[in-house]
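**Student:** Here it is: the structure, laid out below.
The values are calculated or read from the model by the stated rules, or taken from the named source; none is laboratory data. Just so it is clear, the structure is predicted and the values come from calculations on it, not from any experiment. When we count neighbours, we look across all protein chains shown, and the Cβ atoms used for this are built from the backbone with ideal geometry, even at glycine.
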Amino acid sequence: MTRFSDEEFDQRILEFALLVVANALMSCAMSIAIQSLQTRMSANMSVKLFGALLRQDVAFYDNAMTGQLSSRLNNDMRQALSPVSIIMNSFVANIVMLAVGFGICLQSSWRLTVLAFTVLTPVVHISAEFSQWASKLMMSQWTYMADASGAATQALTNIRTVRMFGARDIEMEKYAGHINKSKDVGLLSAWGQGAAGLIAALVQQGASFIILFYGGHLALKHEFEVGSIITFTVLWNRLSSAFTSLNENINQPVKAVSAGQRVFEILDLEPDIPEEEGEAFPEESKQVGIRFENVEYAYLSRPDKKVLAGVTLDIRAGKTTAVVGKSGCGKSTLSKLVLRFYDPQGGAVFLNATELQRMHLLQYRNKVGVVSQDTQLFRMTVTENITYGLRATEYTMEDVERAAKLANADEFIRALPEG
């Protein structure tokens, strides 16, 4: 037995203490780095996704519910990034353990090592098959959750209408229907995951049994020592645990992939009507005439029903023009074409002599004033609502007060608690 002097013993203890401190510092640094990375990724991806949603055509929103889009912005984004910290914390450690352990096992007995890893091959196959199956299930589950979120947002946004028509139970049934579909898919996924885990566990335990069985026969033939078999089995069990953990790390992104697909569907979607391309709106144009020339349009939700069919109309500069007609005849559609929320499917819209589709859309819209029949108020101050769309450097408080007076809103604004 090796004997140490007091000084040597103290030196070993000091070295051990330094290793413990270094390990703690490395763990702390790794934790900070991983959490910082995940936080930065989440912030950057959320901003990019919100920007992608804002740049989509108005037609995109005709067929999308606000709740579904909110679900992608919040739930899908969080789920897509959730495995980052889990994987990075244990993935590298398990890879190192498998590599080092595999080398030690080979050195101990190449025959037992090859036999054990051959038995594990079905586990890899089962995991791959389960990942593909679970990915499809998770995609369905997230779709149902988004539908539920959309139904809830729609009902709560229009709660007065829901109460007015006594439709509370109907809305509840819609929401519960989507949630129950999501629940059924989740339960099926849970059973599938449990079955895959059971098979994998049985195969891995079977590998340990085969090691003991085959190694025992080698020991009986004096080709292998009993102590070496026990050592190999203990080491193999440790490797098996690392393999199981690594397998879980690989399967963990399945949910993230399903959510990530829904996120990247939006990020990769390009609008048909670009807002930052085209000719600059002429600054010297004080008065602009609008001309609809043989315009045709049908909404994508009803492609077989034309709202506008061969419409030709001159709106002269400097004149007040009223468009009247029965509901559904296309009055609102004309205004949406003027704002270029949509492009005509036939004919063209002109500003003076320039076709609207050739104009720089953002510059053009900044020159257009709109008074909608539906009032929209944002959760902001009165000043921020009046100046919506302008930056703080683009107006003065005198401009705000003048606008309030022109809208006959000055008196009731001043009567507010902080008016």
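**Student:** How about the stretch 358-369: which of its residues are surrounded by fewer than 18 Cβ atoms within 10 Å (Cβ to Cβ) and not small (Gly, Ala, Ser)?
**Tutor:** Matches in the stretch 358-369: 358, 360, 362, 363, 365, 366, 367, 368.
**Student:** Pairs needed: first member in the stretch 49-64, more than 22 Å from residue 333 (Cβ to Cβ); second member anywhere, in a loop (DSSP other than H, G, I, E, B); C-beta distance under 8 Å; at least 6 residues apart or different chains.
**Tutor:** Going by the 8 Å Cβ cut-off, the qualifying pairs are 52/269; 55/271; 55/275.
**Student:** So, restricting to helices (runs of 4 or more DSSP H) that lie completely within the stretch 1-74, which ones have at least 2 residues that are in contact with a Phe, Trp or Tyr (Cβ under 7 Å, 6 or more places away or on another chain) and surrounded by 13 or more Cβ atoms within 10 Å (Cβ to Cβ)?
**Tutor:** On the way: elements: 6-54, 58-62, 66-71.
Here the list reads 58-62.
**Student:** In the stretch 338-372, which residues are free of Cβ contacts under 8 Å to residues at least 24 places away in the same chain and hydroxyl-bearing (Ser, Thr, Tyr)?
**Tutor:** Within the stretch 338-372, just 372 meets the criteria.
**Student:** Can you find a residue in the stretch 349-357 that is within 29 Å of residue 308 (Cβ to Cβ), at pLDDT below 90, exposed (fewer than 12 other Cβ atoms within 10 Å of the Cβ) and in the same structural domain as residue 303 (by TED's automatic domain parsing)?
**Tutor:** Yes, that holds for at least one residue.
**Student:** Restricting to the stretch 1-60, what's the tally of residues that are under 27 Å from residue 271 (Cα atoms) and among the aliphatic types (A, V, I, L, M)?
**Tutor:** Within the stretch 1-60, residues that are under 27 Å from residue 271 (Cα atoms) and among the aliphatic types (A, V, I, L, M) number 10.
**Student:** Please go through the stretch 198-241 and pick out each residue that is of a type in the set (S, T, N, Q) and either out of contact with any helix residue (DSSP H, G or I) (no Cβ under 6 Å at 6 or more places or on another chain) or not assigned by TED's automatic domain parsing to the domain that holds residue 116 (or both). So that I can check it myself, show each step before the final result.
**Tutor:** At the first step, the residues of the stretch 198-241 found to be of a type in the set (S, T, N, Q) are 204-205, 208, 228, 231, 233, 237, 240-241.
Scanning the stretch 198-241 gives 205, 208, 228, 231, 237, 241.
**Student:** Looking only at the stretch 234-246, decide whether some residue is surrounded by 13 or more Cβ atoms within 10 Å (Cβ to Cβ), at pLDDT below 75 and more than 41 Å from the chain's Cα centre (by Cα).
**Tutor:** Yes, some residue in the stretch 234-246 is surrounded by 13 or more Cβ atoms within 10 Å (Cβ to Cβ), at pLDDT below 75 and more than 41 Å from the chain's Cα centre (by Cα).
**Student:** Moving on to the next point. For the stretch 389-419, enumerate the residues that are outside any loop (DSSP other than H, G, I, E, B) and acidic (Asp, Glu). Lay out the reasoning, then the answer.
**Tutor:** Quick first cut of the stretch 389-419, residues outside any loop (DSSP other than H, G, I, E, B) only: 392-394, 397-406, 410-414.
Matches in the stretch 389-419: 394, 398, 399, 401, 410, 411.
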